[in-house]
Amino acid sequence: MVKQEPQGANVAAIDSVAIVGADSVGRVTALGLTQAEVPVAIGRETVFTPRAITYHWSALEGLSRLGLLEDALALGFAKQDYADLA
């Protein structure tokens, strides 16, 4: 996995981060922080079961930056054709 530089944050000023609630958002946040070499403590472990049936297109860039997009696409599918019903 390629280490990504955080955007818009001064990571050097962060000693550590505590994440309470390790659902899908908490775990992805923890991954991004650890890739930026910020120590992370997860305060409440939960069973990881992604509940989203879809991810909005804007989440794809974040998944790509974290090195997760290829795996996500391999497990699901990308819908490219949408109909405007209006």
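The values are calculated or read from the model by the stated rules, or taken from the named source; none is laboratory data. Keep in mind it's a predicted model, so treat the numbers as computed, not measured. Please note: Cβ atoms are built from the backbone with ideal geometry, for glycine as well, and neighbour counts cover all protein chains shown.
Taking every residue in the stretch 1-26 that is closer than 17 Å to residue 37 by Cβ and modelled with pLDDT of 55 or more and pairing it with any residue that is part of a loop (DSSP other than H, G, I, E, B) and β-branched (Val, Ile, Thr), at least 6 positions away or on another chain, the pairs with Cβ-Cβ distances below 7 Å are 11/38; 14/38; 16/38; 17/38.
In the stretch 54-79, the residues that are on the phi > 0 side of the Ramachandran plot form Cβ pairs under 9 Å with partners that are exposed (fewer than 10 other Cβ atoms within 10 Å of the Cβ) and part of a loop (DSSP other than H, G, I, E, B), at six or more places apart or across chains, as follows: 67/1; 67/2. Within this structure, residue 50 passes the test of being assigned to a loop (DSSP other than H, G, I, E, B), in contact with a helix residue (DSSP H, G or I) (Cβ under 7 Å, 6 or more places away or on another chain) and at pLDDT below 75.
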